[in-house]
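Q: Next up is a structure, given as structure tokens.
The values are calculated or read from the model by the stated rules, or taken from the named source; none is laboratory data. This structure is a prediction, so every number in the text was calculated from the model and none was measured. In this analysis, Cβ positions are derived from the backbone assuming ideal geometry, glycine residues included, and neighbour counts consider all displayed protein chains. These area figures cover heavy atoms from the full protein model, side chains too; ligands, DNA and RNA do not enter into them. Shrake-Rupley method; radii C 1.70, N 1.55, O 1.52, S 1.80 Å.
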Amino acid sequence: METGSPGSPGSGETTAVASVEPVEPVWSGLPPGLLRMRRLLLVVWLGLAALGAGLLPGLLVGPAWAAFALLPLAGVAWGWVLLGRNWRSWRYAERADDLLISRGVLWREETVVPYGRMQLVEVTSGPVERYFGLAGVQLHTAAAATDAAIPGLDPAEAERLRDRLTALGEARSAGL
């Protein structure tokens, strides 16, 4: 009768195989203030376009031509839905070695920015964004094609993210 060595298939011993399951990143979405700001801008600009498209032809040519105001108003309804879908598609995740940015409805785009490749991380906020209490984070890397941005964050979150990414970038690039 043959006996196998310990750990061999016929020995009766079982060996545990450690399975490493990939850890799903913790995704963060954009704050609702960005959606409110974009929808307000949509209503303001297309509302002015509807006023111009309906009022001018209605006064100059005839009242029937005022129906052209319906075109920009239809654009408001269509844009309202598209802005909501676009806003829900944006998300980002901080992992141990890189930052993931995912966006897009029809064409999904996921950008992976390694911390060690970051050269500059800046927080930007225009006048309209400041009014709504929003700021964006712009990431610059050695390759221009991988520059990435996260729009519409809370300013405190944008600054926290900038500081964290800068610290991680310095730590990773020091090891190169």
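Q: Taking the options 152, 126, 104, name whichever one is touching a residue at least 60 places away in the same chain (Cβ under 8 Å) and farther than 18 Å from residue 26 by Cβ.
A: Going through 152, 126, 104 in turn, just one is touching a residue at least 60 places away in the same chain (Cβ under 8 Å) and farther than 18 Å from residue 26 by Cβ: 152.
Q: Moving to a separate point now. Residue check, residue 137 against (1) among the hydrophobic types (A, V, I, L, M, F, W, C); (2) open to solvent by 20 Å² or more (accessible area, probe 1.4 Å); (3) in a strand (DSSP E or B), all met but one. Which one?
A: Single failed check for residue 137: (2).
Table: residues versus (1) modelled with pLDDT under 95; (2) acidic (Asp, Glu); (3) outside any strand (DSSP E or B).
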{"position": "83", "(1), (2), (3)": "no, no, yes"}
{"position": "87", "(1), (2), (3)": "no, no, yes"}
{"position": "110", "(1), (2), (3)": "yes, yes, no"}
{"position": "113", "(1), (2), (3)": "yes, no, no"}
{"position": "116", "(1), (2), (3)": "yes, no, yes"}
{"position": "122", "(1), (2), (3)": "yes, yes, no"}
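Q: Considering only the stretch 94-115, state which residues are open to solvent by less than 70 Å² (accessible area, probe 1.4 Å) and under 12 Å from residue 148 (Cα atoms). Steps first, answer last, please.
A: So the first thing to find is which residues in the stretch 94-115 are open to solvent by less than 70 Å² (accessible area, probe 1.4 Å), and the list is 94, 98-105, 111-115.
The answer is 99, 100, 101, 102, 103, 111, 112, 113, 114.
Q: Going by what's in this entry, would residue 45 be described as touching a helix residue (DSSP H, G or I) at 6+ places or on another chain (Cβ under 7 Å) and not aliphatic (A, V, I, L, M)?
A: Values: touching a helix residue (DSSP H, G or I) at 6+ places or on another chain (Cβ under 7 Å): no; not aliphatic (A, V, I, L, M): yes.
For residue 45, the condition - touching a helix residue (DSSP H, G or I) at 6+ places or on another chain (Cβ under 7 Å) and not aliphatic (A, V, I, L, M) - is not met.
Q: Among the residues of the stretch 27-45, write down those that are open to solvent by less than 60 Å² (accessible area, probe 1.4 Å) and either outside any helix (DSSP H, G or I) or in contact with a Ser or Thr (Cβ under 7 Å, 6 or more places away or on another chain) (or both).
A: Scanning the stretch 27-45 gives 28, 29, 30, 31.
Q: Separate question: Going by the structure shown, is residue 24 charged (D, E, K, R), modelled with pLDDT under 60 and open to solvent by 100 Å² or more (accessible area, probe 1.4 Å)?
A: Working: charged (D, E, K, R): yes; modelled with pLDDT under 60: no; open to solvent by 100 Å² or more (accessible area, probe 1.4 Å): yes.
Spelling it out, it is not the case that residue 24 is charged (D, E, K, R), modelled with pLDDT under 60 and open to solvent by 100 Å² or more (accessible area, probe 1.4 Å).
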